[in-house]
1. Condition test on B:ILE29, is it touching a strand residue (DSSP E or B) at 6+ places or on another chain (Cβ under 8 Å), more than 9 Å from chain A (Cβ to nearest Cβ) and within 17 Å of A:ALA59 (Cα to Cα)?
2. Look at B:LEU10 and say whether it is within 14 Å of another protein chain (Cβ to nearest Cβ) and in a helix (DSSP H, G or I).
3. For region A:1-70, list the helices (runs of 4 or more DSSP H) that sit wholly inside it and hold at least 3 residues that are at pLDDT 90 or above and closer than 18 Å to B:LEU48 by Cα; which are they?
4. Go through (1) in contact (Cβ under 8 Å) with a residue 40 or more places away in the chain; (2) closer than 21 Å to B:GLU88 by Cα; (3) away from every other protein chain (no Cβ under 13 Å) one by one and return the number of the condition B:ALA47 breaks.
5. Just checking, does region B:81-102 include any residue being surrounded by 17 or more Cβ atoms within 10 Å (Cβ to Cβ), part of a loop (DSSP other than H, G, I, E, B) and more than 9 Å from chain A (Cβ to nearest Cβ)?
6. Which residues, taken from region B:5-44, are among the polar types (S, T, N, Q) and touching a residue at least 40 places away in the same chain (Cβ under 8 Å)?
7. Within the set of pairs 6 or more residues apart or between chains, which connect a residue that is closer than 17 Å to A:PHE74 by Cα and more than 7 Å from chain A (Cβ to nearest Cβ) inside region B:53-73 to a residue that is in a loop (DSSP other than H, G, I, E, B) and among the β-branched types (Val, Ile, Thr) with Cβ atoms less than 9 Å apart?
8. List every residue pair whose Cβ atoms sit under 9 Å apart, with the two residues 6 or more apart in sequence or on different chains, where the first one lies in region A:68-83 and is within 18 Å of A:GLU30 (Cα to Cα) and within 13 Å of another protein chain (Cβ to nearest Cβ) and the second, anywhere, is assigned to a helix (DSSP H, G or I) and of a type in the set (Phe, Trp, Tyr).
Amino acid sequence: MRRRPMSLQEWLSIATKGLAAEGRERVRREIEAHYEAAVEEASEQGLDTEVAQPTALRALGDCGKAQRRFNRVFLTEVEEAACKEMLRGNGFFQTEVGSWMMWSCLMIPAYTFPYNQMFLGQRWILPGLCGIALFVFWHVFSQSLSRFLNIPMALFAHAALSIPLTIALILCLLHGLQWASLISDRQAMVAQSDSVFLVPFILSPSVWVTFRMYRKVRGHAGGTATT
Amino acid sequence: MNLKGPLPALILQCLSRGPNHGYLIAKHIKSTSKGVLDYREGTLYPALHDLENKGLLESYEQIEKGRTRRYYRLTRAGKKKCAEERREWNRFSSAVTLVLEGVP
C-alpha cells in the first residue's frame, strides 16, 4: 500500500514540535511563505500545481532533522517554562539564588568571622546570626530584583551569580563542612581551598546551558521588528 | 549536493549585497553555485536563526504582494565576520588546491 504524501501542515507540525509558541509561529510563517513562493515559481515555469507542490515539499528536506535544528536555535517549550518560572513571584529567588545563597550565606561568615569572639558564652552564635542576616538580605534583594528583570536579564544574572555561589557550594561539599568542624579547625579548611580550581570543570555545563538559552532568548527578542 | 559546513559563510556573503529573505538566499546560493549547493529549507532557516542569535544578522518583517516576508540583513559584526570568513576560506581552499595538485 502506498503511503499518503505528507502535507505542508504535517511537515510543519513535526518540524516545529517542542518549540515555544512564538518561535513555532515564526518558523511556520517563514516556511509557508517559502513554500508558496516555490510553488508559485514552479507554476510560472509551466509546472502543474499537483507536481509543483510535492516538489516544493521535498525541497524542505527531512522534517525530523529540521526539528532538531530548530530546537537548537529557538527557545523550546521547556526552556520557556523555566524562564517564566524564574520570573514568576518568588521564582527568581527559588531557582537562581535560594539554593546557592543558602550555602554561601552560611559559608561566608564561617570563613571570615573572627572565632575568638565569644557571644553569650558560645563561639558559634555570632557567625550563625551573621549567616542568617545575610540570608535574609539576599532573600529580600532577589525578590526585589525579580520584579525588574526580564527573561534575558534573569538568565544573564543566573550565569553571573552561579559562579561565586557554586564556588561556595563546592567548597562546602569538598570539605564536608559542618559548623562544628569548621570552627574547631578553620585554618586547615582554608589551607585546603586549592580545590576551588576544580569548580570551573563542575560549573561549566550549567553556565554553558544558561548562556545558550540567553543567546536564544536575546536573538528571539531582537527579531520582532516589523516594517 | 548538501554541504552544511560553509553555509553560514555563504549566507553572510549573500547578504553582503543587501537585505534578503530566505527563499531568495537559497535561490541565490543554488544559482551562483550552478546547482551544486542546494540547501534544504530545514537546514537554511535554522542557520539563519543561529546567525541572528549570534548577533551577526538582524531580521524584520515586510509585507510583499500581500505576503509577510522576513528579511535578513547583516549587522556590523556580521559584515566583519563575512570578511573574516572570506579570507579564511581563500586561505583554506588555496591550501587544499596546493595539496591536490601535488605541489612539493
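The values are calculated or read from the model by the stated rules, or taken from the named source; none is laboratory data. Because the structure is a prediction, the values reported are computed rather than measured. Quick reminder, even Gly has a Cβ in these numbers, built from the backbone with ideal geometry, and neighbours come from all protein chains shown.
1. Working: touching a strand residue (DSSP E or B) at 6+ places or on another chain (Cβ under 8 Å): no; more than 9 Å from chain A (Cβ to nearest Cβ): yes; within 17 Å of A:ALA59 (Cα to Cα): yes.
So B:ILE29 does not fit the description; no.
2. no
3. Result: A:21-44.
4. (3)
5. no
6. B:GLN13, B:SER16, B:ASN20, B:THR43
7. Taking only residues 6 or more apart or on different chains, the pairs are B:GLY55/B:THR75; B:LEU56/B:THR75; B:LEU57/B:THR75.
8. Matching pairs, first to second residue: A:ARG69/B:TYR45; A:PHE70/B:TYR45; A:VAL73/B:TYR45.
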